[in-house]
Structure formats: structure tokens, C-alpha cells
Amino acid sequence: MHCGFLSRDVFKALGFRTVVPNDQPVLANPIGLDGVFQAYCPPYFPSMDAAVDALLTPLMREKSAPPECVPYLISDAEHRAGTVGISDAGIACTQAICNYIYQTYGRFPGSLDAMHLMWLMQVHHLDTHYYDRFFRPGAYGPTHAMHLATWHAD
């Protein structure tokens, strides 16, 4: 496992779109894989208002949960039906904040990447002959020992 410091390189290798604000000394911000996995920001949305609307409007509720409802004692459907409502004023406030960040920093989010890999797995074939030659028996498990026969038999 590798930590997320390689995120930009991995995203670039996978074909993700990145943006760099004009005249800003910042690293490229990976914002998505076109048509597959896209951040809620321009250029995938015409504005931050549109991005906020697309994210929050479907979540709007008319009512709040009764005080006796707690997530760990009710069904998932009851919990979702009783989530706190999102008001028009709340959406307007969120839009104002998101627009401020986008206009100030030329990107969204302002100081973090829109996409980040916390963990990355590297997968490869283990060279069992190497371990057989230079290590004691048991340096690799039966899964590795049987890998080629299991997955690559003709």
C-alpha cells in the first residue's frame, strides 16, 4: 500500500482532467475523469451555483426528524426520511461560500485537491524464484505460490 502523495501522478496516468488557475503558483488540481467521475466544480458545471444546486437540491427535505429518532435505532429508510432539511437560505449561503473560494483561488476547493487517493494498491506478480533462492521457506504464502498456476495456466 502506498500513501496518497502520489495522487496527482496516478490521476494523470489514469487520464484524469486537471486544472491550474491562471497566474497561480499552485500544483494542478485533479478534478475528474470526464464522463465517469467528476468533481462538483467548473468546468463540469457552468458555475459553482450550478454545482451546489446539483449536489444539494436533490437532498432537500420538507421536515426534520422527530427528537426520538436516532440513527442506530431506526431503519436506513427512516433515517434518510428524517434527515435535517436543507433550506433555500442554506443553499444560497453555500453557493456564496463556494463562489468566494472559486473566485479567490481560481479553483475549488481552494487549497486542497478535488480528488485525492488516500491509499493506492500496487499489484504485481511475485517472483517466487527470487524468494526461493534468497530467502528461507515461508517468505511468501500459498496464494503467491499457486498464483501462476491458478490464474495463468494454459
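The values are calculated or read from the model by the stated rules, or taken from the named source; none is laboratory data. Computed from a predicted structure; not experimentally measured. Cβ placement follows ideal geometry from the backbone for every residue including glycine, while neighbour counts extend to all protein chains displayed. Surface accessibility is based on the protein's heavy atoms, side chains included, excluding ligands, DNA and RNA. Shrake-Rupley method; radii C 1.70, N 1.55, O 1.52, S 1.80 Å.
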### Task
Considering only residues that are open to solvent by 100 Å² or more (accessible area, probe 1.4 Å), at pLDDT 80 or above and of a type in the set (D, E, K, R), look in region 122-154 and name the one that is farthest from Asp9 (Cα to Cα).
Arg136
## Note on the structure
Residues of region 112-121 being modelled with pLDDT under 85 and open to solvent by less than 90 Å² (accessible area, probe 1.4 Å), in sequence order, are Leu117, Leu120
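A quick yes/no check of all residues on (1) touching a residue at least 40 places away in the same chain (Cβ under 8 Å); (2) of a type outside the set (Asp, Glu); (3) part of a helix (DSSP H, G or I):
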{"residue": "Ala96", "(1), (2), (3)": "no, yes, yes"}
{"residue": "Gln103", "(1), (2), (3)": "no, yes, yes"}
{"residue": "Ser111", "(1), (2), (3)": "no, yes, no"}
{"residue": "Leu117", "(1), (2), (3)": "yes, yes, no"}
{"residue": "His124", "(1), (2), (3)": "no, yes, no"}
{"residue": "His129", "(1), (2), (3)": "no, yes, yes"}
{"residue": "Tyr140", "(1), (2), (3)": "no, yes, no"}
{"residue": "Ala149", "(1), (2), (3)": "no, yes, yes"}
### Message
Of all residues being open to solvent by less than 40 Å² (accessible area, probe 1.4 Å) and touching a Gly at 6+ places or on another chain (Cβ under 8 Å) in region 17-43, which is nearest to Asp113 (Cα to Cα)? Just the residue, please.
### Response
Ala39
### Message
Just checking, does region 56-73 include any residue being open to solvent by less than 90 Å² (accessible area, probe 1.4 Å), in a strand (DSSP E or B) and at pLDDT 75 or above?
### Response
no
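Listed here are the residues, each with its yes/no results for (1) assigned to a helix (DSSP H, G or I); (2) under 23 Å from Ser87 (Cβ atoms); (3) in contact with a Lys or Arg (Cβ under 9 Å, 6 or more places away or on another chain); (4) among the β-branched types (Val, Ile, Thr).
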{"position": "Thr18", "(1), (2), (3), (4)": "no, no, yes, yes"}
{"position": "Gln24", "(1), (2), (3), (4)": "no, no, yes, no"}
{"position": "Pro30", "(1), (2), (3), (4)": "no, no, yes, no"}
{"position": "Pro46", "(1), (2), (3), (4)": "no, no, no, no"}
{"position": "Val52", "(1), (2), (3), (4)": "yes, yes, no, yes"}
